[in-house]
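The values are calculated or read from the model by the stated rules, or taken from the named source; none is laboratory data. Bear in mind the structure is a predicted one, so any value in this text is a computation, not a measurement. Ideal geometry is used to build each Cβ from the backbone, glycine not excepted, and the neighbour counts take in all protein chains shown. These accessible areas exclude ligands, DNA and RNA; they are computed on the full protein's heavy atoms, side chains included. Shrake-Rupley method; radii C 1.70, N 1.55, O 1.52, S 1.80 Å.
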Amino acid sequence: MMLRKLTVTLCALAGLLSLSTQAIANEKLTVLLDWFVNPDHATLVVAKEKGFFAEQGLDVDLIAPADPNDPPKLVAAGKAELAVSYQPQLHLQVAEGLPLTRVGTLVATPLNSLVVLKDSPIKSIADLKGRKVGYSVGGFEDVILDAMLEKHGLDVKDVELINVNFTLSPSLISGQVDAVIGAFRNFELNQMDIVEKPGRAFYVEEEGVPSYDELILVANKQNVDDPRFPRFLKALEQATTYLINHPQESWELFIKAYPDLDDELNRRAWKDTLPRFALRPAALDEKRYSDFADFLKAKDLIKETGDVSEYAVTIR
């Protein structure tokens with residue numbers, strides 16, 4: 001009789017454990033992307049499609065925004081748990097009072113670059129004097145450009161800035177401008193090469209701009225202790241490792257989830273983005289954030305640098 005009671009008790013406990021596991025598996029987590037899905041989001045997509053999020057008891061929704069400016073604001077307002085954003089943008093938004101903090105990194109190097117046509121007479125940044133430079137996002141890209149020009153004895157007054165409204169490659173190819181700032185080296189360069197109008201890039205981190213994390217994950221400062229975040233970042237690290245070790249298999253997972261992205265541009269961008277993913281998404285380089293804050297303050301984009309711990313944390 002005791003053995004029978006023990007068996008019943010164990011079965012009941014097993015049932016409760018199963019229900020508990022199912023409950024954990026159903027924990028929802030929303031990640032707002034910075035743009036439409038593309039190879040920059042490869043680690044997130046692989047973590048979802050390979051089941052690494054599910055293994056951590058998470059049901060993660062990856063949502064592309066209607067307006068790329070909205071995700072950090074929505075997270076600040078408590079409408080989503082995480083948003084994909086940019087380190088430079090984080091500094092500016094925190095300075096504006098948004099309660100945001102960096103909790104992880106997706107792409108650990110700048111992607112931003114200044115691009116000219118490969119056969120352009122512009123062989124050096126100094127050759128931009130008197131030229132037309134296209135941009136899409138005012139208030140930051142012109143500051144990046146100014147820092148690059150300063151290294152060569154120029155400033156933004158020595159060029160003509162033209163807002164090309166996110167048509168960077170077309171405006172350069174058509175001759176509307178002589179150069180563009182804000183071109184992602186893993187996309188615009190490939191796009192130009194595909195249409196047989198190859199470009200040449202000047203990399204911001206080699207031309208007077210401190211290096212920074214291009215794509216990061218931000219959360220509301222009040223939610224940094226969310227118990228889902230460590231599991232999310234563990235799954236993301238697993239996905240990054242898998243992606244690096246199995247790039248072709250990962251690509252197949254990616255296009256299975258998003259078949260419309262199976263084209264030459266995304267295949268090239270996939271390859272070029274691969275070495276730029278953060279191998280340890282949770283790791284934080286405080287000095288990098290401090291140096292970039294100093295840079296922004298020197299350029300009068302923020303009034304105070306603040307302590308890094310106020311806007312970037314390591315989730316354990």
Among the residues of segment 270-296 satisfying the criterion of being in a loop (DSSP other than H, G, I, E, B) and aliphatic (A, V, I, L, M), which is most open to solvent (accessible area, probe 1.4 Å)?
Leu279
Does Leu74 count as farther than 26 Å from Thr273 by Cα and touching a helix residue (DSSP H, G or I) at 6+ places or on another chain (Cβ under 6 Å)?
no
Residue list for segment 153-168, filter: in contact (Cβ under 8 Å) with a residue 24 or more places away in the chain and in a helix (DSSP H, G or I)
Asp158, Leu168
Residue among Ile125, Ile173 that is aliphatic (A, V, I, L, M), over 25 Å from Leu32 (Cα atoms) and in contact with a His (Cβ under 8 Å, 6 or more places away or on another chain)
Ile125
Helices (runs of 4 or more DSSP H) (entirely within segment 35-102) containing at least 1 residues that are surrounded by fewer than 22 Cβ atoms within 10 Å (Cβ to Cβ) and among the aliphatic types (A, V, I, L, M):
52-55, 70-76, 87-95
Among the residues of segment 195-210, are any modelled with pLDDT under 95 and open to solvent by 40 Å² or more (accessible area, probe 1.4 Å)?
yes
Identify all residues within segment 118-143 that are at pLDDT 95 or above, open to solvent by 40 Å² or more (accessible area, probe 1.4 Å) and not in a loop (DSSP other than H, G, I, E, B); write none if there are none.
Ala126, Asp127, Lys132
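Just to check your reading of the model, which residue among Lys123, Lys151 is farther than 25 Å from Asp67 by Cα and touching a strand residue (DSSP E or B) at 6+ places or on another chain (Cβ under 9 Å)?
Lys123
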If we ask which residues in segment 207-231 are over 20 Å from the mean Cα position of the chain (by Cα) and either closer than 26 Å to Lys129 by Cα or not in a helix (DSSP H, G or I) (or both), their number turns out to be 5
So Asp146, is it open to solvent by less than 40 Å² (accessible area, probe 1.4 Å) and under 27 Å from Pro68 (Cβ atoms)
yes
